[in-house]
Amino acid sequence: MIRTLKSGRTGQEKAADAHQVKATVEAIIAEIEARGDAAVAELSEKFDKWKPATFRLMQAEIDACFAELSAGEIEDIKFAQAQVRRFAEHQRASIRDLEVETLPGVILGHRNIPMSSVGCYVPGGKYPLVASAHMGIITAKVAGVSRVVAMTPPFDGRPAPAVIVAMALAGADEIHILGGVQAVAAMALGTETIAPVDFIVGPGNAYVAEAKRQLFGRVGIDLLAGPTETLIIADETVDGELCATDLLGQAEHGSNSPAVLLTNSEKLARDTMAEIDRLLDILPTAVLARRSWKDYGQVILCDTLAEMVAEADRIASEHVQVMTTDPDHFLQHLTNYGALFLGPRTNVAYGDKVIGTNHTLPTLGAARYTGGLWVGKFLKTCTYQKVLTDEASALVGEYCSRLCVLEGFLGHAEQANVRVRRYGGRNVGYAQAAE
């Protein structure tokens, strides 16, 4: 039996939040579509108190950001980027072009073609999220994208030096200090000074996610990466301190970041809740984490492994951390998750910052139908066909003609018929094709 020891906000409350976000985003997009740069500048000043002469950083400004970091800090960024790049390169090598002869004289294939331009959004309103620069920009560049535009909001009233350094080291072609819905809309729609992109990636808050959702179609998007979600699956092999630390480590992202403990141990569940209360009294980021845990934290108690698997798949969390006797059981049986972190020696922070897998992952239940950001998201798998012999064209043409007539597409049928006549020596028309 599945029991909830602690619950968060109701579905009705969450729906009310989403309605307000939707209306706000609609209005901002309409403003930018109508007035371009002028609207972008006004919105940036309104939301971020940031209105420079130009949002794009010049090389001297980028160099100044490098000068603000120590050699050790730059080396740490380079280390993390090397891990992300290495894994992305292995992913790219696993994606192959294809060409095969499916019938004598019939060649089918596909090519994996990089997108021409991509916008990478790097959140930074509450924290300067250095790691998000690696995840979007490096992965796009490994895929072969020629123009990568990076945007991030100001932090404490100016560009965040570490984020700018990470963007530059990752290979961004343009760096803009612009955040929120206005950044996403500017990249998607274009303005007088910002050329539009074909595809937008990157995590963000609920407003950024909603902007991507509303603009999808006019621009491609990776996925709807909203507020961070964490699910910890644990049993009696770990303790409350470890579970509480890992839950609050993600709850500090924001006031609406779900953190869920799923366990078959009531003792661990209650120990974890007590430890969370203790840690919230000493955690420097407790203001955000406390509200997030209060409104979105959950503790769910199950009796069996099967119940734990079923409940985890129902939740379909962005991050799923497994600390049980047999973590591989969940690797083999779970189907709905953004990324798995198996065993107590790893954790979500490793994936977020440095280990090499991508941290832009599906939220809001999207793990039911998509994985996270990876090299393949920046590639268009485009098919082609070649027919090399008269005999092959006539053979395929005869089948094609009859199938087109079956559907009532007589113009389509004639495309096949003319080739049967030319290459097969048969005087085929609509009537014959129908026979």
**OP:** Could you list, in sequence order, all residues of segment 381-413 that are of a type in the set (Val, Ile, Thr) and open to solvent by less than 90 Å² (accessible area, probe 1.4 Å)?
**Re:** THR381, VAL387, THR389, VAL396, VAL405
Original post:
When residues of segment 292-313 are filtered for being under 27 Å from the mean Cα position of the chain (by Cα) and within 15 Å of THR335 (Cα to Cα), how many remain?
Top reply: 6
Original post:
Which of the residues belonging to segment 254-300 are at pLDDT 95 or above, closer than 19 Å to THR228 by Cβ and among the hydroxyl-bearing types (Ser, Thr, Tyr)?
Top reply: THR272
Subject >> All positions within segment 363-377 that are under 19 Å from GLY204 (Cα atoms), touching a residue at least 60 places away in the same chain (Cβ under 8 Å) and not in a loop (DSSP other than H, G, I, E, B) >> reply: ALA366, LYS377
Original post:
For segment 204-228, how many residues meet the condition of being open to solvent by 10 Å² or more (accessible area, probe 1.4 Å), of a type in the set (Lys, Arg) and part of a helix (DSSP H, G or I)?
Top reply: 1
Subject >> Flag if VAL201 is out of contact with any Phe, Trp or Tyr (no Cβ under 8 Å at 6 or more places or on another chain), buried (at least 23 other Cβ atoms within 10 Å of the Cβ), hydrophobic (A, V, I, L, M, F, W, C) and touching a residue at least 40 places away in the same chain (Cβ under 8 Å) >> reply: no
Subject >> Among the residues listed as ILE77, ILE29, ILE62, the single one being open to solvent by less than 50 Å² (accessible area, probe 1.4 Å) and closer than 30 Å to ALA259 by Cα >> reply: ILE77
Original post:
What are the residues in segment 322-362 that are open to solvent by less than 30 Å² (accessible area, probe 1.4 Å), within 17 Å of LEU247 (Cβ to Cβ) and in a helix (DSSP H, G or I), if any?
Top reply: VAL348, GLY351, ASP352
Original post:
Is it fair to say VAL420 is closer than 30 Å to ASP76 by Cβ, modelled with pLDDT of 95 or more and among the aliphatic types (A, V, I, L, M)?
Top reply: no
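The values are calculated or read from the model by the stated rules, or taken from the named source; none is laboratory data. The shown structure was predicted, so the numbers you read here are calculated from the model rather than taken from an experiment. Cβ atoms come from the backbone with ideal geometry, glycine included; neighbour counts cover every protein chain shown. When the accessible area is computed, the model is the full protein with side chains, heavy atoms only, and any ligands, DNA or RNA have been set aside. Shrake-Rupley method; radii C 1.70, N 1.55, O 1.52, S 1.80 Å.
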